[in-house]
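Have a look at the structure below, then the notes.
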Amino acid sequence: MQKLHIIKIGGTLIDDKKALKAFLAQFSEIKGAKILIHGGGKIAETLAEKLKIRQTMIDGRRITNKKTLKIVTMVYAGRINKNLVAKLQSFDCNAIGFSGADGNVIKAEKRQHPEIDFGFVGDIDEKSINHELIINMINLGLVPVFSAITHDKKGNLFNTNADTIAGTIAQALSKHFDTELLFCFDKNGVLENIEDENSNLKTINKQEFSELKSEGKLHKGILPKLENAFRAKENGVQKVALIKEEKLSDQINRGNEGTEICL
């Protein structure tokens, strides 16, 4: 099968112009099929603070009311997505930006939770992904760039965790490509000791993850990444890893960076 790299980046990188430019240069050099999925950054939080719209996070996931939805849609699907596309074009990477509503590419359901009202937060599964459209884009030589905004095909937009989008797209496409999913962030991988940058694990399995989580050794922000990473691996994605952003080229060329997910 054809190789496909699916790369997810987060807010820390997006907020650092110099680091982002260097990363996108590395991403653009990846040969063959590739997809970029991005989260938000401090832009949305800063705007919310200026507008006095309170932000609430639970286990790394944002509660999204109507006002917050307007902000994240403007920032994620607008400013950030189009800036990324424009920067990739400057590296001769023919990118095309999507929200979930564009081409009905990601259809979500409003999150139902027995105790917490997450507001306009959408949940997705493999059936939510319009994989045929994505495959057609790839076959045209285009590089899809996905924001964290989805829709329900009833006229409503939703905020959906970007790690979840990355993992779910990878699952949907793993039947058609030899898929490698990389969660890129500002650490060397999964750290056994969050105070020690050099304590990263080369591999992690589900039992080790559960132990680290129960011992409180994992930062809340990494939980959605790991949960989605294991779900992707369990559902057919050929290779999944968490790596440091600046090590992308090393991972693509040698495959020995960060923390690889094992079953």
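Here are the numbers for the structure shown:
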read-out	value
Evaluation of Asp16 against (1) modelled with pLDDT under 90; (2) surrounded by 15 or more Cβ atoms within 10 Å (Cβ to Cβ); (3) acidic (Asp, Glu) (one fails), failing number	(1)
Strands (runs of 3 or more DSSP E) lying entirely in the range 114-179 (those with 1 or more residues that are touching a helix residue (DSSP H, G or I) at 6+ places or on another chain (Cβ under 8 Å) and of a type in the set (Ser, Thr, Tyr))	149-151
Matching residues, the range 115-125, being in contact with a Lys or Arg (Cβ under 9 Å, 6 or more places away or on another chain), more than 11 Å from Ile63 (Cα to Cα) and open to solvent by 30 Å² or more (accessible area, probe 1.4 Å)	Asp123
Test for Ser199: is it free of Cβ contacts under 8 Å to residues at least 60 places away in the same chain and of a type in the set (S, T, N, Q)	yes
Residue within the range 85-106 that is of a type in the set (Lys, Arg), surrounded by fewer than 21 Cβ atoms within 10 Å (Cβ to Cβ) and within 19 Å of Gly11 (Cα to Cα) present	yes
Filtered residue count, the range 27-47, keeping only those that are more than 24 Å from Asn136 (Cα to Cα) and either modelled with pLDDT of 95 or more or of a type in the set (D, E, K, R) (or both)	2
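The values are calculated or read from the model by the stated rules, or taken from the named source; none is laboratory data. All figures in this text were calculated on a predicted structure; none of them were measured in a lab. Every residue, glycine among them, receives a Cβ derived from its backbone with ideal geometry; neighbour counts consider all protein chains shown. Remember, those area values only see protein heavy atoms, side chains included, never the ligands or the DNA or RNA. Shrake-Rupley method; radii C 1.70, N 1.55, O 1.52, S 1.80 Å.
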